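Reviewing the structure listed below.
The values are calculated or read from the model by the stated rules, or taken from the named source; none is laboratory data. Keep in mind that what you see is a predicted model, and the values were worked out from it rather than measured. Using ideal geometry, Cβ is built from the backbone for each residue, glycine included, and neighbour counts are taken over all protein chains shown.
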Amino acid sequence: MINSFILSGMGLRKSYGTLEVVKGVSLAVDPGEFVCLVGKSGCGKTTILSLLSGLEKPTQGKVTLGGKEITEASEDELALFRRENVGFIFQSFNLIPTLSAWENVALPLFPVKIPKDQQRQRAMEMLGKMELDHRTEHLPSALSGGEKQRVAIARALVNHPKIIFADEPTGNLDSATGEAIMAILHRLHAEDGVAILMVTHEVELAKTADRLVRMKDGEIAA
Amino acid sequence: MNLRYMAKELYYQRRRTAISAFGLSIGIALLILLNALSLAYRQAAHIPLKEIGADITVQRAGDVPEELAGAVFPCSAVTIRKEEIKKIGDLPGIKGMGKALLLWVFDPNRAWIVLGIDHENSVGPAVLRYSVTEGRFLEDGKPEALVEVAYAKQFGIKASDTISISGRDFPVVGLVDASRSTKIAVANVYLPLKEAEGLAIMSKQLQSVSPYASDDVNLLFIKADQDKISSIASSMKMILGDRATVATPDSFLKLLGSLFALSDKFTLAASLIAIVVAVLIAFKTMAGNIAERAKEIGILKAVGWTNRNVIFQLMGESVVQCFLAGVLGFFIALVAAYGLSFMSVSMPIPWEMSPTPHFLPGGGDQIFKTLQLPVAVPWTLAIFAILLSVVIGGVTGGLLGRHISRIKPSEVLRHD
């Protein structure tokens, strides 16, 4: 059965020195499933996200992403794997300040050997999907918070990922903009069938997902 | 490596780019200037000899005449025999040779410094043909004289006058301003070499101190292959003996007394220090810049850039920055070199080469040739310096990129 999951983490543990922040967590996400990981600040949600996305290696446990076990992969193998299978959305947008909106979207494609005009075209399509056609040449400093996050979502989608990891994607936005961003994520989930694993501390937002997983003190709460 | 990303990073972070480039450019400018100065001193050392169309001058010291009457040789320049001249002429690397005969002539009412010149030869004092201020230059086979303009003014001699030297009359066909030319091989009166030979052969005083025959001389001017000057100088010393004075650009360089002139090692050491300083400046400023971009590197890695992608991107930026620094350094050096080219240096002329008797007023004074330092930045040096800065950029960018690419994206991207 485990093979049908797009993502699974089994018995994940993560320690920093003597401090254990993730204590034997097992979690799986089905293809096209929208899962929300909820918990208070400092409960280990972001660490779990890092472990499952291959940004960080667990001290113990196994992560399988898109049918491939990534726990023992090298740093460069993980980077290539992320490039082809994973999209990220961060709370603080994490756009490159010197690149325009479309260039930020095309960032995962820059090291890929595809023609520049195709890179641009794909980025433009994604920005169109985010209704940002009129902001393609603007630098992040000229965009509003909501626009920045939409650019970040476009970037997460540009490589047609199997799963998107979203870490507090509405955390830096006002409630109206946050709701708009959530609406976009739900639309992508519904229309494109992309799986989403979202971390949030806002239970109300999490309730809109297919499944809600609560975390407490580094463990999945019952 | 993505060129668009690189260009935008350098453009939008232009203050950062400018600071990095400027720091390195100072080191590069220093490197270029030190070498340009060293080169300028070397070229300056060629000037006194070049002005008489030669690379080497040769003379031989001898005894002081017992009595200063009639024509005598200065004790610093006695006979060089025609057999010796032939041997010197046969040395490998010699491209041309000019001869001259320097005489002091003590007539009852006047003393003359007379230089017999091989007036058709382009090597040696015949270059004075370009310094004639009045009348004309000497012509072949004619017993005529040129008079130095200051001497002519002092004694009221005019072109078209006739002067008498050792009882022989010479029509003055022109005046020459030797001060426009070199300080070497200057005289009051210039005669065709054959006429000066005649004066020497006839002088008992001269013959008793340093026997002289036709076709002998006491000054030689040599044009030689640049890379053989030192070996030719050594061979000439062997032919003429210990009392020979052989002046070469190297001997003038030593007289200049500057650290730049004295020591290749100094220039090399100073250049190495400039390079090390340049590398340290580049490394420090770029390390600071790259550290500021840790979060950006984390984003790149999170979205799928490999360590290699990151290293190449940073290396490319660093190479472009350092290339700009190299070009800027070149322009700074160019401006500084232009400023330094107005600097004058005084080149001491060895006393042996001074034609004036030391017992005459001012004759014992050290004479100097004042010349502007020919500071210029050769293209080869400029290209080397720019290539060096590109290499510095590549190495610095590579090392720093390698270091920063090891950061874990999760560490720098934790939400704030």
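Go through (1) farther than 30 Å from B:Glu67 by Cα; (2) out of contact with any Phe, Trp or Tyr (no Cβ under 9 Å at 6 or more places or on another chain) and name the single condition B:Gly241 misses.
In the conditions (1) farther than 30 Å from B:Glu67 by Cα; (2) out of contact with any Phe, Trp or Tyr (no Cβ under 9 Å at 6 or more places or on another chain), B:Gly241 misses (1) alone.
Applying the selection to the range B:190-230, what residues are hydroxyl-bearing (Ser, Thr, Tyr), outside any helix (DSSP H, G or I) and under 31 Å from the mean Cα position of the chain (by Cα)? Show your work before the answer.
From the range B:190-230, those hydroxyl-bearing (Ser, Thr, Tyr) are B:190, B:203, B:208, B:210, B:212, B:214, B:230; that's our starting set.
Still in the running and outside any helix (DSSP H, G or I): B:190, B:203, B:210, B:212, B:214.
Within the range B:190-230, just B:Tyr190 meets the criteria.
Is at least one residue of the range B:239-259 closer than 28 Å to B:Ile386 by Cα and part of a helix (DSSP H, G or I)?
Yes - at least one qualifying residue is present in the range B:239-259.
Residue-wise test of (1) out of contact with any strand residue (DSSP E or B) (no Cβ under 7 Å at 6 or more places or on another chain); (2) of a type outside the set (Val, Ile, Thr); (3) more than 14 Å from B:Leu101 (Cβ to Cβ).
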{"site": "B:Ile184", "(1), (2), (3)": "no, no, yes"}
{"site": "B:Ala196", "(1), (2), (3)": "no, yes, no"}
{"site": "B:Lys204", "(1), (2), (3)": "yes, yes, yes"}
{"site": "B:Tyr212", "(1), (2), (3)": "yes, yes, no"}
{"site": "B:Ala233", "(1), (2), (3)": "no, yes, yes"}
{"site": "B:Arg243", "(1), (2), (3)": "no, yes, yes"}
{"site": "B:Ala247", "(1), (2), (3)": "no, yes, yes"}
{"site": "B:Leu256", "(1), (2), (3)": "no, yes, yes"}
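Return only the number of the condition from (1) over 15 Å from B:Leu220 (Cβ atoms); (2) modelled with pLDDT of 85 or more; (3) away from every other protein chain (no Cβ under 14 Å) that B:Tyr5 does not satisfy.
It fails just one condition, (3).
The rows are residues; the columns are (1) within 30 Å of B:Leu371 (Cα to Cα); (2) in the same structural domain as B:Tyr190 (by TED's automatic domain parsing); (3) of a type in the set (Ser, Thr, Tyr).
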site: B:Ser38; (1), (2), (3): yes, no, yes
site: B:Arg42; (1), (2), (3): yes, no, no
site: B:Ala71; (1), (2), (3): no, yes, no
site: B:Lys87; (1), (2), (3): no, yes, no
site: B:Gly93; (1), (2), (3): yes, yes, no
site: B:Val105; (1), (2), (3): no, yes, no
site: B:Ala126; (1), (2), (3): yes, yes, no
site: B:Arg129; (1), (2), (3): yes, yes, no
site: B:Gly141; (1), (2), (3): no, yes, no
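Would you check if A:Leu205 is more than 13 Å from every other protein chain (Cβ to nearest Cβ) and modelled with pLDDT under 90? Show your work before the answer.
Numbers: more than 13 Å from every other protein chain (Cβ to nearest Cβ): yes; modelled with pLDDT under 90: yes.
So A:Leu205 passes the test.
Scan the range A:182-200 residue by residue and report those that are out of contact with any Gly (no Cβ under 7 Å at 6 or more places or on another chain) and under 20 Å from A:Lys45 (Cα atoms).
If the condition is that a residue be out of contact with any Gly (no Cβ under 7 Å at 6 or more places or on another chain) and under 20 Å from A:Lys45 (Cα atoms), then A:Met182, A:Leu185, A:Ile196, A:Leu197, A:Met198, A:Val199, A:Thr200 are the ones that fit.
Could you list, in sequence order, the residues of the range B:8-29 that are within 14 Å of another protein chain (Cβ to nearest Cβ) and surrounded by fewer than 17 Cβ atoms within 10 Å (Cβ to Cβ)?
To start, the set of residues in the range B:8-29 that are within 14 Å of another protein chain (Cβ to nearest Cβ) comprises B:8-17.
The answer is B:Tyr11, B:Tyr12, B:Arg14, B:Arg15.
Mind checking which residues of the range B:270-288 are closer than 30 Å to A:Phe88 by Cβ and surrounded by fewer than 20 Cβ atoms within 10 Å (Cβ to Cβ)?
Keep residues of the range B:270-288 that are closer than 30 Å to A:Phe88 by Cβ, which gives B:286-288.
If the condition is that a residue be closer than 30 Å to A:Phe88 by Cβ and surrounded by fewer than 20 Cβ atoms within 10 Å (Cβ to Cβ), then B:Ala287, B:Gly288 are the ones that fit.
Looking at (1) modelled with pLDDT under 85; (2) within 14 Å of another protein chain (Cβ to nearest Cβ), find the lone condition where B:Arg402 falls short.
(1)
Could you identify the single residue in B:Ala71, B:Ala36, B:Ala40, B:Ala100 that is at pLDDT 90 or above, among the small types (Gly, Ala, Ser) and crowded, with 20+ Cβ neighbours inside 10 Å? Walk me through how you get there before you give the answer.
Working: B:Ala71 fails: at pLDDT 90 or above; B:Ala36 fails: at pLDDT 90 or above; B:Ala40 fails: at pLDDT 90 or above.
None of the other options fit; the residue is B:Ala100.
Quick one: is A:Ile153 crowded, with 22+ Cβ neighbours inside 10 Å, closer than 24 Å to A:Ser26 by Cβ, within 17 Å of the chain's Cα centre (by Cα) and of a type in the set (A, V, I, L, M, F, W, C)? Spell out how you get there, then give the answer.
On the way: crowded, with 22+ Cβ neighbours inside 10 Å: yes; closer than 24 Å to A:Ser26 by Cβ: no; within 17 Å of the chain's Cα centre (by Cα): yes; of a type in the set (A, V, I, L, M, F, W, C): yes.
Criteria not met by A:Ile153.
Quick check, is B:Arg293 out of contact with any Lys or Arg (no Cβ under 8 Å at 6 or more places or on another chain), at pLDDT below 90 and either within 18 Å of B:Met6 (Cα to Cα) or polar (S, T, N, Q) (or both)? Step through it out loud before you land on a result.
Details: out of contact with any Lys or Arg (no Cβ under 8 Å at 6 or more places or on another chain): yes; at pLDDT below 90: yes; either within 18 Å of B:Met6 (Cα to Cα) or polar (S, T, N, Q) (or both): yes.
Spelling it out, B:Arg293 is indeed out of contact with any Lys or Arg (no Cβ under 8 Å at 6 or more places or on another chain), at pLDDT below 90 and either within 18 Å of B:Met6 (Cα to Cα) or polar (S, T, N, Q) (or both).
Can you tell me which residues in the range A:137-165 are farther than 15 Å from A:Met124 by Cα, within 11 Å of chain B (Cβ to nearest Cβ) and either assigned to a strand (DSSP E or B) or of a type in the set (S, T, N, Q) (or both)?
Across the range A:137-165, the qualifying residues are A:Ser141, A:Phe165.
Would you be able to say whether some residue in the range B:30-48 is under 30 Å from B:Leu272 (Cβ atoms), charged (D, E, K, R) and more than 14 Å from chain A (Cβ to nearest Cβ)?
First, pick out the residues of the range B:30-48 that are under 30 Å from B:Leu272 (Cβ atoms): B:30-47.
After this cut, where a residue has to be charged (D, E, K, R) as well, the list is B:42.
Adding the requirement that they be more than 14 Å from chain A (Cβ to nearest Cβ) leaves B:42.
Checked against the condition, which is being under 30 Å from B:Leu272 (Cβ atoms), charged (D, E, K, R) and more than 14 Å from chain A (Cβ to nearest Cβ), the range B:30-48 yields at least one hit.
Scanning the range A:90-122 for residues that are surrounded by fewer than 22 Cβ atoms within 10 Å (Cβ to Cβ) and among the charged types (D, E, K, R), which turns out farthest from B:Leu300 (Cα to Cα)?
Going through the qualifying residues, I end up with A:Asp117.
Scan the range B:306-345 for residues that are within 14 Å of another protein chain (Cβ to nearest Cβ), part of a helix (DSSP H, G or I) and either within 27 Å of the chain's Cα centre (by Cα) or farther than 17 Å from B:Arg4 by Cβ (or both) and jot them down.
B:Asn307, B:Arg308, B:Ile311
Given the options B:Ala233, B:Ala294, name the one that is surrounded by 18 or more Cβ atoms within 10 Å (Cβ to Cβ) and either more than 27 Å from the chain's Cα centre (by Cα) or closer than 22 Å to B:Ile349 by Cβ (or both).
Values: B:Ala294 fails: surrounded by 18 or more Cβ atoms within 10 Å (Cβ to Cβ).
The unique qualifying residue is B:Ala233.
Would you mind telling me which numbered condition in (1) in contact with a Ser or Thr (Cβ under 8 Å, 6 or more places away or on another chain); (2) away from chain B (no Cβ under 12 Å); (3) of a type outside the set (A, V, I, L, M, F, W, C) A:Gly128 fails?
(1)
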